[in-house]
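Accompanying notes for the structure given below.
A short reminder: the numbers here are calculations on the coordinates, not readings from a lab. Computed from a prediction, not measured in an experiment: that's the story for all the values here. Using ideal geometry, Cβ is built from the backbone for each residue, glycine included, and neighbour counts are taken over all protein chains shown.
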Amino acid sequence: MFPIKQKIKYLILIILFGGTILIWSVVFNFADNEFLEVTFFDVGQGDSIFIETPNRKQVLIDGGPDKTILEKLNETIPFYDKTIDLIILTHPDTDHITGLVSVLEYYDVKYILTSGIENETVVYKEWHDLIEEKNIPLILAQSGQKIFLEQDIILEIIWPEQSSIESFSKPTNNTSIVGRLIYGDIEFLLTGDIEKKVENYLISQNLNLESDIFKAPHHGSKTSSNYNFIEIINPQASVISVGRDNRYKHPNDEVLERLRESIIYRTDKNGDIKILTDGILFDILTTYE
Ligand SMILES: [Zn+2]
C-alpha cells in the first residue's frame, strides 16, 4: 500500500454507487461498422481484451504482461487514432497491468475504471504516476453500474462490491472487475481472474449470468470456472487467455472438461480471438484455426 497522504491524493476518484455512468452521452456519428467487435489478444500469459463498438468507441480491458499490446493495438487501430475512450484494469497483478502502462504512454485515455485495489510493485507505481501526471479521471467500479458504450451496447458491472471488497482481497484475483457486455441478444461475461469464492458469491446474488461468450477466469486455472458457475452461464463459446507452455500449466485439464459443452478458444493455440456481433448472431475469427 502507498502511504496514506499519497493515497488520498490518488483517490481523486469519482465514486458512483449503483448508478449509471453515461460516458458518451450522445452518439453523433453514423455507424461506420455494423458490428460490435470484441478481441481477446494473444499477449502470452495474461489478459488483454479490446472492445470496439459500431461507432468506434474503444475500451481496453487489461494490457497483458509486457508491451505486446502496443503492437496489437497498432494493427487494430488506424495510425491517426491515438485516443482510447476507456481503460479497465480488472486488478493490479502484473500480467494484467504491465501493458497498460505502455498504453498510457502512447495513447490519450479518456477514463479509467479500477477496482480501487492497489499494489506495491514498481509497475503499479508507474501506472499510478502516469495517471496523476496525465490527470486521467478514475472511476471506481461498483456492482450495479451500467456503462453505456452506445445507446444499445451496455457494460454492466457485476463485481466488485466496494462495501465487501476488502474481505475478498486475498488473493487480489478476487477483486477483479467482472462485467457483462450486452448487445441485443448477445452477452459476454468478462471475469478477470476471479476465483471460486467470487463465483459462488455471484451465484448467490441471483444475477442473470447467462452469456453466449464466457471469458474463463484466471487463465483456465483450477481455482476458477467451477461447474455450477459454468452451468448457470451456459456459454456457447469459452475463451481462455493463456501463454504457450506457461509455467502454471494453465489451462487446467479439469477446467477444460467442465467447459466441454461450449466451443473452447485459447489464445495459446488460436492466437488473437475476435468476436463480431450484430446483436443477433456472432461470428468468431482467429489467427490460427
Ligand atoms: Zn492473471
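Are there GluC sites (Glu not before Pro) in segment 30-126 that DSSP marks as loop and that have at most 16 other Cβ atoms within 10 Å, and which are they?
Working: sites: Glu34, Glu37, Glu52, Glu71, Glu75, Glu105, Glu118, Glu120, Glu126; in loops: Glu34, Glu118, Glu120.
Passing both the DSSP loop test and the Cβ count: Glu34, Glu120.
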Per the helix-only model, the chain has a calculated mean residue ellipticity at 222 nm (DSSP H runs of ≥4, -39500 (n - 2.57) each, divided over all residues, rounded to the nearest 500) of -6500 deg cm²/dmol
Between the modelled labels at Asp283 and Asn206 (7 Å from Cα along Cα→Cβ) the distance in nm is 4.1
Connecting every pair of Cα atoms under 10 Å apart in the chain and solving the GNM, the largest mean-square fluctuation among Ile275, Ile97, Ile88 falls on Ile275
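The chain: longest stretch without exposed trypsin sites (Lys or Arg not before Pro) (DSSP loop, at most 12 other Cβ within 10 Å), sites themselves excluded? Don't jump to the answer; show the numbers that get you there.
Numbers: sites that count: Lys82, Arg244, Arg247, Lys249, Arg260.
With a cap of 12 other Cβ atoms within 10 Å, the longest stretch comes to 83-243.
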If every Lys and Arg gets +1 and every Asp and Glu gets -1 at its Cβ, then about the Cα centre segment 164-208 yields a dipole, in debye to the nearest 20, of 140
Magnitude of the Cβ-charge dipole (Lys and Arg +1, Asp and Glu -1) of segment 212-277 about the Cα centre, nearest 20 debye, reported as 240
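Determine the relative contact order of the chain: mean sequence separation of Cα pairs under 8 Å and six or more apart, normalised by residue count, in whole percent. Provide the component values of the computation, followed by the final result.
Working: 668 pairs, mean separation 51.6, N = 289.
Computed value for the chain: 18 percent relative contact order.
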Expected unfolding gain across Val122-Arg260 under the 0.36 nm per residue rule, minus the alpha-carbon gap, is 45.8 nm
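About its Cα centre, how strong a charge dipole does the chain have in debye, to the nearest 20, once Lys and Arg get +1 and Asp and Glu get -1 at the Cβ? Don't jump to the answer; show the numbers that get you there.
Working: 26 positive and 45 negative charges, 168 e Å.
Computed about the Cα centre, the dipole is about 800 debye.
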The farthest towards the positive end of the charge dipole of segment 88-158, of the residues Tyr106, His96, Asn135, given +1 on Cβ of Lys and Arg and -1 on Cβ of Asp and Glu, is Asn135
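Would you kindly state how much longer the chain becomes between Gln162 and Asp66 on full extension, computed as 0.36 nm times their sequence separation minus their alpha carbon distance, in nm to one decimal?
Values: separation 96, 0.36 × 96 = 34.56 nm, distance 2.90 nm.
Result: 31.7 nm gained on full extension.
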Largest first and rounded to whole Å, the semi-axes √(5λ) derived from the alpha carbon gyration tensor of the chain read 25, 23, 20
Simple SL model, points at 7 angstrom along Cα→Cβ for Arg244 and Lys269; separation in nm is 1.5
Mean-square fluctuation maximum in Gaussian network of the chain, Cα pairs under 10 Å, restricted to Asp278, Asp129, Asp81, hits Asp81
